Amino acid sequence: MKIEPLYDKVVIKPLSQEEVTESGIVLPDTVDKEKPMEGEVVAAGPGRLLENGNHASMSVKVGDRVLFTKYAPDE
């Protein structure tokens, strides 16, 4: 399935961030919910629509790695 975001929206694929303590205990990413997550931009829209009908360019492109908060995106 191909997703095409509209205007200034992006689709981000989260990257897993398992942490391992010095003693070898694996901490899942649900331990600290407020920590920003890292992901890869899978698709990006053409940009914000300006009053004159043109699109403002996006500051991210497909393949970029970005940080985002867990509750910021729309699911």
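The values are calculated or read from the model by the stated rules, or taken from the named source; none is laboratory data. Keep in mind it's a predicted model, so treat the numbers as computed, not measured. Here the Cβ is made from the backbone with ideal geometry for all residues, glycine too, and neighbour counts use every protein chain on show. Areas reflect the complete protein model, heavy atoms only, side chains present, ligands, DNA and RNA absent. Shrake-Rupley method; radii C 1.70, N 1.55, O 1.52, S 1.80 Å.
Just to make sure I understand: if all protein chains stay in place, what is the order of Leu6, Leu49 by accessible area at 1.4 Å, largest first? The partial results should precede the final answer.
Values: Leu6 120, Leu49 80 Å².
The ranking, largest first, comes out as Leu6, Leu49.
Please give me the summed charge of the neighbours of Pro46: other residues whose Cβ is under 14 Å from its Cβ, Lys and Arg +1, Asp and Glu -1. Could the numbers behind the result be given before it?
Working: positive: Lys9, Arg48, Lys61; negative: Glu4, Asp8.
Net charge in that neighbourhood comes out at +1.
At 1.4 Å probe size, what's the solvent-accessible area of Asp64? Round to the nearest 10 Å².
40 Å²
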